[in-house]
């Protein structure tokens, strides 16, 4: 199996497992101790998958970052970004903590396989568990607007 195919399959499985865990956590019939143990197990699996993704990426020379994406829109529309340009929620842009401004990355939703190329024009996200903040349009194209955040793979172009 090709490394990238393996990564995609693994991330798709982990993302599904994470969503299932979230559904378990919100189910009223589940006891709190069982719910917590299952959620911790799923979080450990996701952590292992992220580490495997990084290891394979290093071995193949392809920089792939896996984690959770969120999106931002109307509240920031028209404000200046870190790059100096005005944020347009209808453009394909994103915020990343460390990538150089102006870098183009491909963001992939491992659950539905949709991808989008976005330009990094801002800094963030500032939430601890996230790796990238997408513009509203990018989130729509990836199918993550309703959930608000979603596991993704980010690859530099």
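Some points to look at:
- Residue 143 being over 20 Å from residue 157 (Cα atoms), out of contact with any strand residue (DSSP E or B) (no Cβ under 6 Å at 6 or more places or on another chain) and surrounded by 14 or more Cβ atoms within 10 Å (Cβ to Cβ): yes
- Residue in segment 92-105 that is touching a helix residue (DSSP H, G or I) at 6+ places or on another chain (Cβ under 6 Å) and at pLDDT 95 or above present: yes
- Residue in segment 102-115 that is crowded, with 22+ Cβ neighbours inside 10 Å and free of Cβ contacts under 8 Å to residues at least 40 places away in the same chain present: no
The values are calculated or read from the model by the stated rules, or taken from the named source; none is laboratory data. Predicted, not measured: the structure shown is a model, and the values here were computed from it. A quick note on method: Cβ atoms are made from the backbone with ideal geometry, for glycine too, and the neighbour counts reach across all protein chains shown.
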